Amino acid sequence: YQCDWSSDVCSSDLPESAEQDDLQEALTLARRAVKAAPDLPDYRDTLGTALLAVGKASPAIGAFEEAVAGLRLARAESGSAAEKASLSRKLAESLVRLAMAHAAIRSSGAARDALEEARREDPSIRESEEYRRAERLVGG
């Protein structure tokens with residue numbers, strides 16, 4: 001994520017050179033995906049990322065929270081240990097993005113809580129660049 005604190009804009013996997021029209025198109029596509037498959041947490045995570053990229057951190061928090069809830073449910077219902085581990089990693093990644101959204105609105109306590117939960121879900125998340133950036137933003 002890249003954040004511009006003067007405008008509370010953060011972006012994730014989207015190219016830094018992306019035009020505003022491209023970001024709006026990404027947001028439109030993410031909304032369509034969620035509408036088509038509202039039970040898929042990955043789409044909600046993508047929507048959160050797109051919202052964050054266009055500077056809408058508060059709605060991004062809601063999308064990430066829905067993704068996190070969906071991933072928790074999917075993990076609880078999964079059968080194999082490998083599937084549970086994969087879902088725990090996805091959950092940790094969504095929690096890191098949730099922390100970034102909280103950081104964008106300067107809700108540092110909630111951001112730290114999300115990072116702590118991400119570490120509990122998958123301790124190896126600390127090795128990701130995205131986690132390290134989030135940690136720097138929240139001062140952790």
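When you go through ASP39, ASP45, ASP113 one by one, which is the residue that is open to solvent by 70 Å² or more (accessible area, probe 1.4 Å), of a type in the set (Asp, Glu) and modelled with pLDDT of 95 or more? Exactly one residue qualifies, and that residue is ASP113. Filtered by the rule that a residue be open to solvent by 50 Å² or more (accessible area, probe 1.4 Å) and under 20 Å from ALA50 (Cβ atoms), the range 96-110 gives a lone residue, ILE105. Counting the residues of the range 62-95 that are in contact with a Pro (Cβ under 8 Å, 6 or more places away or on another chain), closer than 18 Å to GLU130 by Cα and surrounded by fewer than 22 Cβ atoms within 10 Å (Cβ to Cβ) gives 1. Considering each residue of the range 86-93 in turn, at least one proves to be without any contact (Cβ under 8 Å) to a residue 24 or more places away in the chain and in a helix (DSSP H, G or I).
The one condition from (1) modelled with pLDDT of 95 or more; (2) open to solvent by less than 50 Å² (accessible area, probe 1.4 Å); (3) of a type outside the set (Asp, Glu) that VAL54 does not meet is (1).
The values are calculated or read from the model by the stated rules, or taken from the named source; none is laboratory data. Note that the structure is a prediction, hence the values are computed from the model and not measured. Note: ideal-geometry Cβ built from the backbone for every residue, glycine included; neighbour counts use all protein chains shown. Side chains included, ligands, DNA and RNA excluded: accessible areas come from the protein's heavy atoms. Shrake-Rupley method; radii C 1.70, N 1.55, O 1.52, S 1.80 Å.
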